[in-house]
Every structure is written in structure tokens, then in C-alpha cells.
Amino acid sequence: VLPDLAKKFSLPEELPFGLSFTPAMSKKNRDKIAAKEAREKRKLEEKESREAAKKVKKMERNPNVTVLKHGSMKFAAFEVLKNAGDQGLSVNDIIQRAQAAGLRDFSTTNAAYNKLFGSLCAAPHLFTKIDKGIFCIRKPSGEEGDEGP
């Protein structure tokens, strides 16, 4: 209520509780709004629970376990390096032997050396870098000479 009108008609400046200038809502409209708010709340709770479940699932996944997919660079490198022994092979040798064995066609891959080098470095639980550009398969933990993951 405007202050000058309140003084003129000797009214309080604040409106009493429950009194407003907006029309009252019908019971049907109130129920619709309540149902809409409940629906939105339920959707938000479901979304939060899905996100929490995704986080838990991600945390349960062991980061040291790599699934080698047939035809991938890591699979080809693993297959070549498991026969190479402890001395390992250079990245170029891995590429040549994988192509010769038909494990992967690196001729269609742009910057094959860099991509293979990156994928070998990205899996330290599978491959060990011996020297500059030379890798071998990491020994499982418990074997002599290797601390293991």
C-alpha cells in the first residue's frame, strides 16, 4: 500500500497476511501447480541419483585394467612385444612387425609413429619404456626385477 494513501485512509502500510491484490487461485490450479512442482522435484532427484550411480560405477572401474580390443594399436603392440622378450623393440620395429603379421595396417594411419608412441606411454601398466623409443611388456608384479603396478 502506498504510504500517502495509508495515511489518508488511516490504513497500515503493510497488507494483512492472506490479503493481496491478485485473484485467488482455484483448488484445481493449486493442485496443478503442486503436481508440476512434485514432478520437477522427482525428475531432479532421479537425475541426481543417475549421476551418483555413474560416479560410483566410474570409481569401481579399475584404472590399471586395459581391455585390448582386437585390431587396436595397443593390441597389435602387445602381440608383437610379447614375443620380443626383455630387450624390447623400437616403435618403428613394432609397426613393421605388426603390419607383417597382419595385426594392424599402419599405412592408413596418419602419424602412426606418434600415435603408437602415445598409446604405449598411456598404458604404463602394460608397457615399460626401456630406452628412447624402445618399449617392452611390463612384467606382472611379483616377478623378479619389477615392482609391478
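Read-outs: derived from the displayed coordinates by stated rules, not from any lab. Every value quoted in this text rests on a predicted model; they were computed, and no experiment measured them. Counting neighbours? That spans all protein chains shown, and the Cβs are built from the backbone with ideal geometry, glycine included.
Mind checking which lysines have their Cα closer than 18 Å to the Cα of K27? Skip sequence neighbours fewer than 8 apart in that chain.
Straight-distance partners of K27: K36.
Roughly how many nanometres apart are two label points built 7 Å out from the Cα toward the Cβ at K55 and N92?
With each label point 7 Å from Cα toward Cβ, the separation is 4.9 nm.
Among all the lysines, which ones have a C-alpha under 18 Å from K129's C-alpha, if same-chain residues fewer than 8 places away are not counted?
K74, K82, K115, K139
Would you list, by chain and number, the lysines whose Cα falls below 20 Å from the Cα of K43, excluding same-chain residues fewer than 8 positions away?
K32, K54, K55
I want the local charge near F75. Using Cβ-Cβ distances under 15 Å, sum +1 for each Lys or Arg and -1 for each Asp or Glu among the other residues. Present the calculation step by step, with values, prior to reporting the outcome.
Details: positive: K69, K74, K82, R97, R104, K115; negative: E79, D105.
Summing Lys and Arg as +1 and Asp and Glu as -1 gives +4.
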